[in-house]
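Asker: Before anything else, here's the structure in question.
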Amino acid sequence: MSDRLKGKRAFVTAGAVGIGRACAIAFAREGATVIATDIDEKGLALVAKEGVAEVARLDVRDGSAVETMAKKVGKVDILLNAAGFVHHGTALECSDADWDFSFDLNVKSMHRTTRAFLPAMLAGGGGSIVNISSAAGVFKAAPNRYVYSATKAAVAALTRAVAVDFIGKGIRCNCICPGTIETPSMLGRAAAAGPGGREMFVARQPMGRLGTAEEIASLAVYLASDESSFTTGVAHIIDGGWTL
């Protein structure tokens, strides 16, 4: 631990597994007081053993619950929005319900948390918002990622909008655009693809391997810290060369 986030308070969504979990743990190891949230209470219990100060159940699709949580938590210096869902299919396999669910979880949840936590961040002198987007939809098209790509492009646009609206008020907002990262969610999709599913995902990576959630968390630490104080409104690619 190098205390890069010492004295800061961080609020993390989808903190029980995958990228959100790795970010919550990395923030805590760098000295931040971390509140990790998720609907996965068993996963949160495990995160609590990794130095995270507090865990709490939160459904980011519930606007009232998000507002209540923000009032309870108060001012934070870091908001990490990691909640998301990967829908598989083209426009022909995307029902209205699929579209609505994907945008609600992947995009509107970030609107809810940003709107809820911004007032206290502004009153307290500012802070850093980090949103998890994707290389897919922002920098490159991916097959069978129709609505997912649309949501992640929206996250990048939302990020820039927040950045420009509050650039003179101490708020920075950036997003991270990962390539294929080895998480429980990704491994589940690989298994659903059948024998050789994981190998298929690896084969499309120029580096010949998948990324790790910890590698994404390292970038998140930088964006959350004062080291990136001159950086805002940027979509940061971390994809092992997939978009080259």
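Just so you know, all these numbers are worked out from the coordinates, no wet-lab data involved. These numbers come from a predicted model, not from an experiment. A quick note on method: Cβ atoms are made from the backbone with ideal geometry, for glycine too, and the neighbour counts reach across all protein chains shown.
Asker: If you place +1 on the Cβ of every Lys and Arg and -1 on the Cβ of every Asp and Glu, how big does the dipole about the Cα centre of the chain come out, in debye to the nearest 20?
Answerer: Values: 26 positive and 24 negative charges, 77 e Å.
So the dipole magnitude of the chain works out to roughly 380 debye.
Asker: I need the calculated FRET efficiency for the pair ILE39 and THR243, taking r as the beta carbon distance and R₀ as 30 Å, to the nearest 0.05.
Answerer: Values: r = 31 Å, r/R0 = 1.04.
Approximately 0.45, to the nearest 0.05.
Asker: Multiply the residue separation of GLU227 and ASP3 by 0.36 nm, subtract the distance between their alpha-carbon atoms, and state the gained length in nm to one decimal. Intermediate values should be presented prior to the final figure.
Answerer: Numbers: separation 224, 0.36 × 224 = 80.64 nm, distance 1.21 nm.
Taking GLU227 through ASP3 to full extension adds about 79.4 nm, to one decimal.
Asker: Could I ask something else about it? Please order CYS175, CYS23 by the number of other Cβ within 10 Å, starting at the fewest. Mind showing how you got there, number by number?
Answerer: Numbers: CYS175 27, CYS23 32.
The order, fewest Cβ neighbours first, is CYS175, CYS23.
Asker: Say each of PHE103 and LYS72 gets a label point 7 Å from the Cα, pointing the same way as Cα to Cβ; how far apart are those two points in nm?
Answerer: Those two pseudo-labels are separated by 3.0 nm.
Asker: Also, I was wondering about something else. From the residues VAL162, GLY240, MET110, which one has its Cα farthest along the dipole of the chain in the positive direction, the dipole being from +1 and -1 charges on Cβ of Lys/Arg and Asp/Glu about the Cα centre?
Answerer: Of the options given, the answer is VAL162.
Asker: In degrees from 0 to 90, rounded to the nearest 10, what is the angle of the helix 63-73 Cα long axis to the longest principal axis of the chain?
Answerer: Around 40 degrees separate the two axes.
Asker: Could you list ILE129, ILE216 so that the one with the fewest beta carbons within 10 Å of its beta carbon is first and the one with the most is last? Walk me through the numbers before you get to the answer.
Answerer: On the way: ILE129 29, ILE216 26.
By the 10 Å Cβ count, ascending, the order reads ILE216, ILE129.
Asker: While we're on this one: With 10 angstrom as the radius, rank TRP99, TRP242 by how many other C-beta atoms surround their C-beta, starting from the fewest.
Answerer: In order of increasing Cβ crowding within 10 Å: TRP99, TRP242.
Asker: Report the FRET efficiency, 1/(1 + (r/R0)^6), for LEU122 and ALA91, where r is their Cβ-Cβ distance and R0 is 41 Å, rounded to 0.05.
Answerer: Values: r = 39 Å, r/R0 = 0.96.
Efficiency at R0 = 41 Å is approximately 0.55.
Asker: Could you give the dipole magnitude of the stretch 68-200 about its Cα centre, charging the beta-carbon of Lys and Arg +1 and that of Asp and Glu -1, in debye to the nearest 20?
Answerer: Numbers: 14 positive and 9 negative charges, 112 e Å.
The calculation lands at about 540 debye.
Asker: Another question, then. Quote the relative contact order of the stretch 1-147 in percent (integer), defining contacts as alpha-carbon pairs under 8 Å separated by 6+ residues. Before the final figure, lay out each step's value.
Answerer: Numbers: 264 pairs, mean separation 34.5, N = 147.
Across the stretch 1-147, relative contact order equals 23 percent.
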